[in-house]
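For reference, the structure discussed in these notes is given below.
The values are calculated or read from the model by the stated rules, or taken from the named source; none is laboratory data. Being a predicted model, the structure only gives us computed values, none of them experimental. Here the Cβ positions follow ideal geometry from the backbone for every residue, glycine too, while neighbour counts run over all protein chains shown. The accessibility values were calculated without ligands, DNA or RNA, using every heavy atom of the protein model including side chains. Shrake-Rupley method; radii C 1.70, N 1.55, O 1.52, S 1.80 Å.
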Amino acid sequence: LKDNDELLRNDYTKLQTIIDVNPNKLKNLLSFSIKSQVLWMLKGKKEFSSIEASISSLNFQQLETNFLKNLRFLNVNPNNFAELIANKKGSWRYSNDYIKYISWYKYQANSLVTFRNTDDFSDEELEYISTSRPTKTQQIILPKFEFDRLTTLFENINLGSDFKKPDLIILSKESLIYKYSNINVEEYCEIKNFDRLKVFTKIVNELCN
């Protein structure tokens, strides 16, 4: 077992205790991790500020809107949002966990298929797509026109009066979302003693260290 995996398991054990001890104070979760969301469901909780595409019945527009509004709530700026959704090439494929979070394999790209059969990609991306086997179904590449649409949508989106602020925020310490977030310290405080996670709750809940 890797040490960092053990640390993460310990973090989730601590989370379970916090949720169990404070059921009435923690009703709405904001997290972009499917592990946190599944834990929340297993604890009988039903309110999510945002939810991962593969475990939700929401349509793509609803998933996008929730994702963008919650990033706006975390005070992520437009430039950093553009970095979050930019195409990223790994060791053997292009992928972006944040795009997959809101769309799963909607933007699959290989020599057989692209979103809407478009070729609206950079020259480097097009060349890589053309040599990608059809079996590379998990490769995700966002077309330029979709990148422009999402960045414009983010710049113009408002939380609205119906936005419900979460009682609990769980972010990965190593994630770009945490790096680019600026959580309102007048409303939220950090629950410490976590190794791999950053956990915040409303100050009025009086759960902080």
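Whole number in Å², please: accessible area per residue of the stretch 7-105, 1.4 Å probe, ligands, DNA and RNA not counted.
Per residue, the stretch 7-105 has 48 Å² of solvent-accessible surface.
Any idea how far apart Lys173 and Ile55 come out in nm if each label point goes 7 Å out from Cα toward Cβ?
Calculated label separation equals 2.3 nm.
Compute the Rg/Rh shape ratio of the chain: radius of gyration over Kirkwood radius, all on alpha-carbon atoms.
1.00
Counting only protein heavy atoms and a 1.4 Å probe, tell me what percentage of the stretch 7-155's accessible area is made up of carbon and sulfur.
For the stretch 7-155, the apolar C and S fraction of the accessible surface comes to 50 percent.
Please list, ordered by chain and number, the residues whose modelled amide H lies under 5 Å from the amide H of Tyr188; skip anything fewer than 5 residues away on the same chain.
Distant-sequence amide H within range of Tyr188: Ile203.
Give me the tail of P(r) for the stretch 22-137 as a percent: Cα-Cα pairs with distance above 22 Å.
44 percent
How many nm separate the modelled label positions at Asp162 and Glu83, each set 7 Å beyond the Cα in the direction of the Cβ?
3.3 nm
Would you calculate a helix-derived [θ] at 222 nm for the chain, using -39,500 (n - 2.57) for each DSSP H run of n ≥ 4 and dividing by the full residue count, to the nearest 500?
Calculated from helices alone, the mean residue ellipticity at 222 nm is -12000 deg cm²/dmol.
With equal scatterers on the alpha carbons only and no solvent term, can you work out the Debye log10 of I(q)/I(0) for the stretch 48-96 at 0.18, 0.30 1/Å?
-0.70, -1.07
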